[in-house]
Amino acid sequence: MYRNSTCGELKLADENKIVTLAGWVSKIRKMGGMTFIDLRDRYGITQLSFNQEVNPELCEQANKLGREWVIMVTGTVKERSSKNSNIPTGDIEIIVAELTVLNASQTPPFTIETETDGGDELRMKYRYLDLRRNVVRQNLELRHRMAFETRRYLDDRAFLEVETPVLIGSTPEGARDFIVPSRMNQGEFYALPQSPQLFKQLLMVSGFDRYFQIVKCFRDEDLRADRQPEFTQIDCEMSFVEQEDVLTTFEGLTKHLFKTIKGLEIPDFPRMSYADAMKQYGSDKPDIRFEMKFVELKDLTVGRDFVVFDSAEYVAGICAEGCAVYTRKQLDELTEFVKRPQIGAKGLIYVRYNEDGTLKSSVDKFYSEEDLKLWAERCNAKPGDLILILAGETEKTQKQLCELRLEMGTRLGLRDKNNYKCLWVIDFPLLEKDEELNRFFAKHHPFTSPKPEDIPLLDSDPGAVRANAYDLVINGVEIGGGSIRIHNSDLQKKMFEVLGFTPERAQEQFGFLMNAFKYGAPPHGGIAFGLDRFVSIFAGLDSIRDCIAFPKNNAGRDMMIDAPSRVEQEQLDELGIMLKPVKE
Ligand code: ASP
């Protein structure tokens, strides 16, 4: 028997028990004639104690151990003289009587503690050691509990978990596919699913009624902090539902997770139309932990010969409470912030509403204090506030102002990670125009249903058609999205037409779906949550990487197993693949 207790459970009440523990040597401390070892396993840390005088041989043996050696000990639980209130086992120690080395270890490349000296690259290369750290393992425990509670909630509501294939066909819409060559059908390729979208809709045609799957999805996109080439969705679909039914069910799931995992009661989620979100926050995933809504000022600024405003399609500001005291240096910093290439504004205009009621701006040459007063009124500014203004082309400027708003929110401490604000964004446009290609793309995906009252616009003004589509946003992060689907083959055909598919290509790519719709497709709709993002929001992490056991780095590489990698020539020959010579 390797153990009868874990390193996280022994307390004063266990005093004088004889126990056997197994784990990793976390720390060794020698003090006078004593040697203390922190023994670690998944459940915690327990102090082992060896006394040179009482048992010199055993103490010698202990002194020879190194960090991360795997050992097994038997000893007696005793009250500790110097207690450690930071850990649950801090009142006791084990007076060791027997020590067995189960395995030696090389010195690890970084310290396996909450605060580690290992850099990102090193930790990724030795991820199995990184995962021994409490902080990292806790994220995965949280992930497990969230997945488990999700299954419980959905199972209670008659959802069936069904596995869908991973080797499927490539489709042209959406992100770039990862493709897999077929050996048995040379020259042909599978694709890895970007989501099980089509399969879950087909399951509705099959009468499954309520489906879910916690499932890996793959998208070959450039990576950012919240993106991984493979990621996990909580993917769901329901039959005989309208938008309201889906929102209610999944607002329920979200509340269930907050309640069971974090002990929080979240009030009903507000809803905001896409149009309002863009107008007030310049984003389809607004962070509503704080207000600071956009205020449009164009009409108040024209006709004073200030070319920047006069020539701008859009002029808008935000009011930063209590920031009139910002120094020149702070304002310069903000200007630099909006001028960074990632944001791309040309400049920043400010109005200080001083405590004494006077108004000072960076455009005093053009505007009188009376003018500024009107701006301040519209912004609901009070003495002590600072108004920050951007101008330019509408959409671009809204995006820039959105970044500035978030930056100000951060600076003012308004984005507390433990303050959770959930929001449904609804009424998304069905289509999005690519001006360069001069064609429409589906904003969500081509199976999303237009709002019935907007269907006539499909021919006359496709850009104005709204969809029965919705996103769940928490603290400015898009956690999930979905839609009510088209379930009529004629409407689906029409949609492909609007997206510029010839009937032949639509048939080739999606014929099976349109065929299926001819055999009694029920009205249906669904949603998918990004589990990685959901967990990282619960864990208060900035990146989804730390809640994934074996993530890829920003170049899409697995540093530990060193993938992707080249393959043998025979493998390529078997697949009938000839590589272009790589330039050295
Ligand atoms: N399949 C969609 C996605 O991956 C979600 C949905 O519409 O259910 O974004």
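The values are calculated or read from the model by the stated rules, or taken from the named source; none is laboratory data. What you see is a predicted model; the values in this text were computed from it and never measured. Here Cβ is always computed from backbone atoms with ideal geometry, including for glycine, and neighbour counts include all displayed protein chains.
Looking at segment 217-320, what helices (runs of 4 or more DSSP H) fall wholly within it and have at least 1 residues that are without any contact (Cβ under 8 Å) to a residue 40 or more places away in the chain, over 30 Å from Leu430 (Cβ atoms) and in contact with an Asp or Glu (Cβ under 7 Å, 6 or more places away or on another chain)? Give the steps one after another, and end with the answer.
Numbers: elements: 243-262, 274-281, 298-301, 307-310.
Fully inside segment 217-320 and qualifying: 243-262.
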Counting only residues that are under 24 Å from the mean Cα position of the chain (by Cα) and small (Gly, Ala, Ser), how many does segment 192-216 have? 1
Matching residues in segment 73-120 (part of a loop (DSSP other than H, G, I, E, B) and either aliphatic (A, V, I, L, M) or within 38 Å of the chain's Cα centre (by Cα) (or both)) number 23
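Take the residues in segment 221-238 that are over 15 Å from Glu161 (Cα atoms) and at pLDDT 90 or above; name whichever of them is nearest to the ligand (Cβ to nearest atom). First the steps, then the outcome.
So in segment 221-238, the residues over 15 Å from Glu161 (Cα atoms) come out as 221-231.
Right, trim to at pLDDT 90 or above and you get 228-231.
Working: Gln228: 14, Pro229: 15, Glu230: 13, Phe231: 10 Å.
Of everything passing the filter in segment 221-238, Phe231 is nearest to the ligand (Cβ to nearest atom).
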Under 9 Å between Cβ atoms, which residue pairs at least 6 apart in sequence (or on different chains) link something in segment 183-194 that is over 24 Å from Arg219 (Cβ atoms) with a partner that is among the hydrophobic types (A, V, I, L, M, F, W, C)? Arg183/Leu575; Gln186/Leu575; Gln186/Ile577
Output the residue which, of all residues in segment 189-216 that are in a loop (DSSP other than H, G, I, E, B) and farther than 19 Å from Asp245 by Cβ, is nearest to the ligand (Cβ to nearest atom). Ser195
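Determine, yes or no, whether Phe517 is touching a helix residue (DSSP H, G or I) at 6+ places or on another chain (Cβ under 7 Å), part of a loop (DSSP other than H, G, I, E, B), in contact (Cβ under 8 Å) with a residue 60 or more places away in the chain and more than 16 Å from the ligand (Cβ to nearest atom). Show your work before the answer.
Working: touching a helix residue (DSSP H, G or I) at 6+ places or on another chain (Cβ under 7 Å): yes; part of a loop (DSSP other than H, G, I, E, B): no; in contact (Cβ under 8 Å) with a residue 60 or more places away in the chain: yes; more than 16 Å from the ligand (Cβ to nearest atom): yes.
No: the conditions fail for Phe517.
This table checks each residue for (1) within 15 Å of the ligand (Cβ to nearest atom); (2) surrounded by fewer than 21 Cβ atoms within 10 Å (Cβ to Cβ); (3) modelled with pLDDT of 95 or more.
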{"position": "Asn468", "(1), (2), (3)": "yes, no, yes"}
{"position": "Ile474", "(1), (2), (3)": "no, no, yes"}
{"position": "Arg485", "(1), (2), (3)": "yes, no, yes"}
{"position": "Ala506", "(1), (2), (3)": "no, yes, no"}
Of the conditions (1) crowded, with 16+ Cβ neighbours inside 10 Å; (2) touching a residue at least 24 places away in the same chain (Cβ under 8 Å), Arg137 satisfies every one except a single condition; which number is it? (1)
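Quick check, is Phe441 outside any helix (DSSP H, G or I), farther than 27 Å from Gly207 by Cα and within 16 Å of the ligand (Cβ to nearest atom)?
Numbers: outside any helix (DSSP H, G or I): yes; farther than 27 Å from Gly207 by Cα: yes; within 16 Å of the ligand (Cβ to nearest atom): yes.
So Phe441 passes the test.
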Mind listing just one residue for me: the one in segment 166-184 that is in contact with a helix residue (DSSP H, G or I) (Cβ under 7 Å, 6 or more places away or on another chain) and either on the phi > 0 side of the Ramachandran plot or in a loop (DSSP other than H, G, I, E, B) (or both) and, of those, modelled with the lowest pLDDT? Pro172
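For Phe148, indicate whether it is more than 30 Å from Pro108 (Cα to Cα) and of a type outside the set (Val, Ile, Thr).
Details: more than 30 Å from Pro108 (Cα to Cα): yes; of a type outside the set (Val, Ile, Thr): yes.
Judged against the criteria, Phe148 is a match.
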When both residues are 6+ apart or on different chains and their Cβ atoms are under 8 Å apart, which pairs have a first residue that lies in segment 546-559 and is more than 12 Å from Leu142 (Cβ to Cβ), and a second that is aromatic (Phe, Trp, Tyr) and assigned to a loop (DSSP other than H, G, I, E, B)? Asp558/Phe550
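Given the criterion among the acidic types (Asp, Glu) and not in a helix (DSSP H, G or I), identify the matching residue among Asp542, Asp546, Asp573. Give the steps one after another, and end with the answer.
Numbers: Asp546 fails: not in a helix (DSSP H, G or I); Asp573 fails: not in a helix (DSSP H, G or I).
Among Asp542, Asp546, Asp573, only Asp542 is among the acidic types (Asp, Glu) and not in a helix (DSSP H, G or I).
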Filter segment 146-165 down to the residues that are part of a loop (DSSP other than H, G, I, E, B), in contact (Cβ under 8 Å) with a residue 60 or more places away in the chain and over 15 Å from Lys200 (Cβ atoms) and list them by number. Arg157
Of all residues in segment 339-384, how many are crowded, with 20+ Cβ neighbours inside 10 Å and touching a residue at least 60 places away in the same chain (Cβ under 8 Å)? 4
Return the residue satisfying two criteria in turn: it lies in segment 65-96 and is hydrophobic (A, V, I, L, M, F, W, C) and closer than 17 Å to Asp14 by Cα, and of such residues it is surrounded by the most Cβ atoms within 10 Å (Cβ to Cβ). Ile94
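Return the residues of segment 551-563 that are surrounded by fewer than 19 Cβ atoms within 10 Å (Cβ to Cβ) and farther than 12 Å from Pro229 by Cα; say none if nothing qualifies. It would help to see each step written out before you state the result.
Of segment 551-563, the ones surrounded by fewer than 19 Cβ atoms within 10 Å (Cβ to Cβ) are 553-558, 560-563.
Residues satisfying the conditions are Met560, Ile561, Asp562, Ala563.
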Tell me, please, whether a residue that is free of Cβ contacts under 8 Å to residues at least 12 places away in the same chain and among the β-branched types (Val, Ile, Thr) can be found in segment 403-419. yes
